[in-house]
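The values are calculated or read from the model by the stated rules, or taken from the named source; none is laboratory data. No experiment lies behind these values; they were computed from the predicted model shown. Here the Cβ positions follow ideal geometry from the backbone for every residue, glycine too, while neighbour counts run over all protein chains shown. Heavy atoms of the whole protein, side chains included, go into the accessibility calculation; ligands, DNA and RNA do not. Shrake-Rupley method; radii C 1.70, N 1.55, O 1.52, S 1.80 Å.
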Amino acid sequence: MKNFYDFTIEALKKYLVEAGFKSFNADQIYKWIYEQKEFDYDKMTNISNNLIEFLKNNIEINDLEIHTVKESSDGTIKYLLKLSDGSLIETVLMTYDYGKSVCVTSQVGCNMGCSFCASGLLRKKRNLEIHELVRQVTTIENNLNIRVSHVVVMGTGEPFDNYDNVIDFIKVINYKHGLQIGARHITVSTCGIVPRIYDYANETIKSNLAISLHAPNDKIRTRIMKINKSYPINEVIKACKDYFDKTKRRITFEYILLNGVNDEIRHANELSDLIRGINAYVNLIPYNPINEFSYKKTDGVKANKFYQQLIKRGINCTLRREQGSDIDAACGQLRYKNESL
Ligand code: SAH
């Protein structure tokens, strides 16, 4: 049995045509399922009995199994979802004044080994399939009967280490008869896998790029993120310039403030020099403490000084508010606590 949510529109057309049906049937089915939320083939009134039989026998439609749901006092909701092989993944729903945003997990575990991130404590087991990416969104939409307006691929895992499936996922959620989430409302966050940044710039759907920079120079970055040994900072910045030239889209740089590591005024200066000339936006993230690590969070006064220094130097910047930290759903805290580490 195939899973419906595994099909991009192109793949579904091809599959149906090969089975002797028409390519326009793919759009009809997409509309029923994504737009009408009709999951019963028998109720798809404009579809022939032949095709209904074929669909029943070959393509299943179902959401992921919800294992646990936790709601934070600020309204952030964390879902622990169970995959068919028993793996548990976390997906987070955040509510903003502009809409509802889902933070999607891209892999079971992660191999990037960033020294401050809890996700890396669970080694990568495997990549998520397209349907497992899409169903994180549909499961939440259907569970709460809401429409998700924004998607960030910032959960557990490195999306550019699961590149092809993440791109097909974006195609599905962006499609006009799919989940209809605009490219501007989709963001993929990477720790900086340079070749895939170049690939991403060439994709037809111009969704957003966020880079987990977290340091203004190689010395600090290599210390806290081992990926920097393979792809040093200047190569990341060069790839970002290429992305901007091709897409004209502003890039977000994420920067966790770690007490005594990367949070001095001189680091703000170095950071502003590094990204000068790029249409960039710096998202300063308060560090969410993880028991297993000794990093400390930068205090509010110092964080604000860092922020002010960037502003003074003409850098677009925000100091991000924390969401969901009381339920371990804040950045870097996504993990299944009971799983042995
Ligand atoms: N692998 C991707 C996406 C997942 S991480 C990436 O690296 O971008 C999503 C964001 O949370 C990244 O910017 C990551 O560096 C940040 N993050 C990880 N651990 C954190 C922590 N303990 N506190 C705050 N942010 C953290």
Asp263 accessible area, assembled protein chains, probe 1.4 Å, Å²: 0
Once all protein chains are kept in place, Ser294 shows an accessible area at probe 1.4 Å, nearest 10 Å², of 100
Within region 210-235, list the residues whose amide N lies under 18 Å from a label point set 7 Å along Cα→Cβ of Asp273. 214-222, 233-235
How many angstrom lie between the C-alpha centres of region 199-232 and region 57-105? 26
Cross-link pairs Lys226/Lys312; Lys100/Lys302; Lys37/Lys82; Lys229/Lys312; Lys206/Lys297 - those with Cα-Cα distance over 25 Å: Lys226/Lys312; Lys100/Lys302; Lys229/Lys312; Lys206/Lys297
Using 7 Å Cα-to-Cβ label points, what is the Ser149/Asn58 separation (nm, one decimal)? 3.8
Nearest 0.05, what FRET efficiency do Ser48 and Arg313 give at R0 = 56 Å with Cβ-Cβ as r? 0.30
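At 4 °C and a viscosity of 1.567 mPa s, what translational diffusion coefficient does Stokes-Einstein give for region 176-298, taking Rh as the Kirkwood radius over Cα pairs? Give it in µm²/s as a whole number.
Roughly 85 µm²/s, to the nearest whole number.
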Suppose every Lys and Arg Cβ carries +1 and every Asp and Glu Cβ carries -1, with no other charges. What dipole size does region 79-230 come out with about its Cα centre, to the nearest 20 debye? 340
How many nm is it between the label spots at Asp326 and Glu292, if each spot is 7 Å from the Cα in line with the beta carbon? 2.6
Net dipole in debye of the chain [+1 Lys, Arg Cβ; -1 Asp, Glu Cβ; about Cα centre; nearest 20]: 1160
Are there any trypsin sites (Lys or Arg not before Pro) in region 196-269 that are in a DSSP loop and have at most 14 other Cβ atoms within 10 Å? List them by number. Lys248, Arg250
Of all beta bridges DSSP finds with both residues in the chain, what is the antiparallel percent, to the nearest 5? 45
Accessible area (Å², per residue) of region 65-327, counting only protein heavy atoms and a probe of 1.4 Å: 41
Considering the chain as a Gaussian network with a 10 Å cut-off on Cα pairs, which listed residue, Ile33, Ile311, Ile146, attains the greatest mean-square fluctuation? Ile146
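What FRET efficiency comes out for Lys176 versus Val69 if R0 is 22 angstrom and r is the Cβ-Cβ distance? Round to the nearest 0.05.
Efficiency, from the Cβ-Cβ distance: 0.10.
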Explain nothing, just the number: dipole magnitude of region 203-283 about its Cα centre with +1 on each Lys and Arg Cβ and -1 on each Asp and Glu Cβ, in debye rounded to the nearest 20. 200
Among Val137, Ile173, Ser149, pick out the residue whose Cα is farthest towards the positive end of the charge dipole of region 126-180, where Lys and Arg carry +1 and Asp and Glu carry -1 on C-beta, about the Cα centre. Ser149
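Counting helices only, and only those DSSP H runs with n ≥ 4, report the 222 nm mean residue ellipticity of the chain as the sum of -39,500 (n - 2.57) divided by its residues, in deg cm²/dmol to the nearest 500.
Counting only the DSSP helices, I get -9500 deg cm²/dmol.
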Directionally averaged projected area (convex hull, Cα atoms, the chain), nm²: 17.2
With unit charges on the beta carbons (Lys and Arg positive, Asp and Glu negative) and the dipole taken about the Cα centre of the chain, which residue among Gln107, Tyr287, Ile237 sits farthest to the positive side? Ile237
Other-chain or far-sequence residues with amide H under 5 Å of Val153's (modelled H): Val104, Thr187, Val188, Ser189
Expressed in angstrom, Rg and Dmax over the Cα atoms of region 1-91 are 16.3, 53
